[in-house]
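Only one structure is covered here, and it is reproduced in the block below.
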Amino acid sequence: MTTITSKIVLTVTVLALSLGAEAAEVTGKILIGADNEPGQWLSVGRTYDEQRFSPLNQITAGNVGQLALTWFADFDTNRGQEASPLVINGRLYVTTAWSKVFAYDAKTGKPLWNYDPQVSGGTGIKGCCDVVNRGLAAFGNKLYLGAYDGRLIALNALTGKVEWQVDTVDQARSYTITGAPRVANGKVFIGNGGAEIGVRGYISAYDANDGKLLWRFFTVPGDPSRPQENTALEKALSTWTGDLFWQLGGGTVWDGILYDPVTNLVYFGTGNGTPWVAEARSPQGGDNLFLNSIIAVKADTGEYVWHYQVTPSESWDFDATSPLMMAELVFNGDKHRTLMQADKNGFFYALDAATGQLLAADAFTTVTWATHVDMQTGRPVEVPAAHFGKTGQPVAVQPGAQGAHSWHPMSYSPNTGFVYVPFVETVSAFAPDPNYKARQGTANTAMGRAGPEVMKNLPEDAPRTSRAWLLAWDPVARKEVWRSDMRGTIASGALSTAGGLVFQGSQKGELNAFRDSDGKQLWSFAAQTGVVAAPVSYAIDGEQYIAQLAGYGTRDYYTPNHSRLLVFKLNGKAQLPPAGELPPPRPLNPPADFGTADQLMLGAETWNVYCVMCHETAYGNRGLFPDLRYSPLLHSAEGFRAVVLDGALEARGMVSFKQRFGALEAEAVRVYLTQRANQAKLAAAAPRP
Ligand code: CA
């Protein structure tokens, strides 16, 4: 063991010597051999197989008790932090909310440069789920950033200066980028998001040198009266019906992308359709390819190779965009290069990377929309009542729209053979909106309101609120090995190390270390704020570090979120400033109910179409947006209008809605919210039954 440690540390020391202008470039060869660089973290998943396993073993189950903060850096935002840093040649690079980039001396924390792409506050409305960013790619002496407004930007890694930038999206549509680019063979691969609103998904490859577009693969067919971009899409066309689908699209590639140098393929997951409800977007049925699928294309040309549709004809927001991971595993006596995904839909999938053959598909949490996956056909066997678009009846389904496992990175330890999956037990009530009409530039889910009674039919042990865990999954034995104690309501990314540890944050405001073999919790750090991003590990001058981005609402919008980079080593000496007392929860203080029944109805309608996506808990309002029932502006028609129509808070992401509705609707929303606030106040005052 000692020999291995010294060898790794020695390699790292040599590599880390060159912090300075002469720092070595990240070549294709270095990226392919990233496992030979245990002290660095060269791409978002560390290696091309995206196992997020650090071979460093200085921090162990025996000494993790001495792991302590060694430096930290505060950010100028209280929006969500989801990125994994890169560590290259002694520098640490990290992205924050609003697509900003910061570079530090990875040993000391000394700031080196920062870059702000000046994403306009108004683009906040184009996304479903906060102006987050999940990381960078590196190649040559450049870093690649996908900015929230759809730009792909190449930065000089030494100076932070822009080398080139291209617009990867149609600005007239609600495209956003939150995922990390991947880079291979001199190409940068980047997708985008927006399927909740109505955009046609695709992934693009750009020349890493100059930003020239090299190829683009659309995930859903375009206008059926015109030739499709390729034969795969011509075939996919027959899986769609009606005339809505090509106008709204969906199937966005917003997170999981993996390049494999062995197959020379690029793999990516696609999101849900627009709208969510299958019967609303494709009225005469059909699987709707390539929504909710894992797709393999040739890295050099973008040519289709294979696909596996994880959830055909999908209606529950089960994006198949969760991180993808590669490992050599044995199934039924045969070794397979295996692509893995723990999907939002609650099943853990293993696929042969060359052919797409389904090797395993097993529920890793309670799943009520399907009984199992038929291994002959590869299709899920659905529970008919779950398909609310067909039945027209509201239904509660597990997992819920938040997913059993979304973007939160999982980690694979070759030492234990386990995949560490951050997952959430969730339930959502689904109902179709019989009056759904397609709209441009706002939420297009076609979801109606399911009354609270639908939740009453759930079994006693079903989660009433979300419950997050860390799960150790054996992908070959196809079963759970252990799970942590419950850790809050939102998942957090994971890192495993050769020190026998798994690190994972929690939305409750912690970073924890667990023993990889049995899940025993060995260490915990009070982060003062929610932690959902995945940690990384690196080494400099013979010392192993753990770096973790923190910053997520721990309670509600009004509780400060300390957006920070936290860096740890054994016997670190830094200390966070005291967190201070949490402010008391805000009281509900609405005016008395006012307005007419017509206003109330118009307000509810307007709210459901334009406002719920950010301000309603059903969409996972994780304290990132204010709960408007508490807004003092409910008392002021003028103040409310100034924000909603005149854009008074646009710089903070609350854009003007005057392109979409007028003063009548704005006032009606105030009437509706006031009633909701008074109902909540009354319920809080009522004695418990
Ligand atoms: Ca989605």
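The values are calculated or read from the model by the stated rules, or taken from the named source; none is laboratory data. Keep in mind the model is a prediction, meaning the values are calculated, not measured. Quick reminder, even Gly has a Cβ in these numbers, built from the backbone with ideal geometry, and neighbours come from all protein chains shown.
Check residue 288 against each of (1) in contact with a Gly (Cβ under 8 Å, 6 or more places away or on another chain); (2) modelled with pLDDT of 95 or more; (3) under 23 Å from residue 178 (Cα atoms) and name the one condition it does not meet.
Going through (1) in contact with a Gly (Cβ under 8 Å, 6 or more places away or on another chain); (2) modelled with pLDDT of 95 or more; (3) under 23 Å from residue 178 (Cα atoms) one by one, residue 288 breaks only (3).
Which one of these is crowded, with 24+ Cβ neighbours inside 10 Å and in contact with a Gly (Cβ under 9 Å, 6 or more places away or on another chain): 195, 138?
Just one listed residue meets the conditions, 195.
Can you report the number of residues in the stretch 380-393 which are within 29 Å of residue 468 (Cβ to Cβ) and either surrounded by fewer than 19 Cβ atoms within 10 Å (Cβ to Cβ) or of a type in the set (Gly, Ala, Ser) (or both)?
The number of residues fulfilling the criteria is 6.
Tell me yes or no: at least one residue of the stretch 475-494 is in a loop (DSSP other than H, G, I, E, B), farther than 28 Å from residue 38 by Cα, modelled with pLDDT of 90 or more and not polar (S, T, N, Q).
yes
State all residues of the stretch 248-268 that are within 11 Å of the ligand (Cβ to nearest atom) and touching a residue at least 60 places away in the same chain (Cβ under 8 Å); if no residue qualifies, say none.
252, 254, 255
Kindly provide the set of residues from the stretch 265-292 that are in a loop (DSSP other than H, G, I, E, B) and within 23 Å of residue 349 (Cα to Cα), ordered by number.
270, 271, 272, 276, 286, 287, 288, 289, 290, 291, 292 - these are the residues of the stretch 265-292 that are in a loop (DSSP other than H, G, I, E, B) and within 23 Å of residue 349 (Cα to Cα).
Across the stretch 392-426, what is the number of residues that are within 23 Å of residue 268 (Cα to Cα) and within 15 Å of the ligand (Cβ to nearest atom)?
Residues in the stretch 392-426 being within 23 Å of residue 268 (Cα to Cα) and within 15 Å of the ligand (Cβ to nearest atom): 11 in total.
Quick one: residue 105 ticks every box in (1) touching a strand residue (DSSP E or B) at 6+ places or on another chain (Cβ under 7 Å); (2) at pLDDT below 95; (3) acidic (Asp, Glu) except a single one, so which number is it?
(2)
Could you tell me whether the stretch 451-458 includes any residue that is outside any loop (DSSP other than H, G, I, E, B), under 19 Å from the mean Cα position of the chain (by Cα) and in contact (Cβ under 8 Å) with a residue 24 or more places away in the chain?
There is no residue in the stretch 451-458 that is outside any loop (DSSP other than H, G, I, E, B), under 19 Å from the mean Cα position of the chain (by Cα) and in contact (Cβ under 8 Å) with a residue 24 or more places away in the chain.
Do we have any residue at all in the stretch 391-409 that's assigned to a loop (DSSP other than H, G, I, E, B), hydroxyl-bearing (Ser, Thr, Tyr) and over 19 Å from residue 311 (Cβ atoms)?
No.
Among the numbered criteria (1) more than 16 Å from the ligand (Cβ to nearest atom); (2) in a loop (DSSP other than H, G, I, E, B); (3) under 30 Å from residue 261 (Cα atoms), which single criterion is violated by residue 172?
Going through the list (1) more than 16 Å from the ligand (Cβ to nearest atom); (2) in a loop (DSSP other than H, G, I, E, B); (3) under 30 Å from residue 261 (Cα atoms), residue 172 breaks only (3).
Picking from 94, 87, 119, which residue would you name as being surrounded by fewer than 24 Cβ atoms within 10 Å (Cβ to Cβ) and more than 24 Å from residue 616 (Cα to Cα)?
Answer to the selection: 119.
Do we find a residue being assigned to a strand (DSSP E or B) and touching a Lys or Arg at 6+ places or on another chain (Cβ under 8 Å) anywhere in the stretch 376-384?
No - not one qualifying residue is present in the stretch 376-384.
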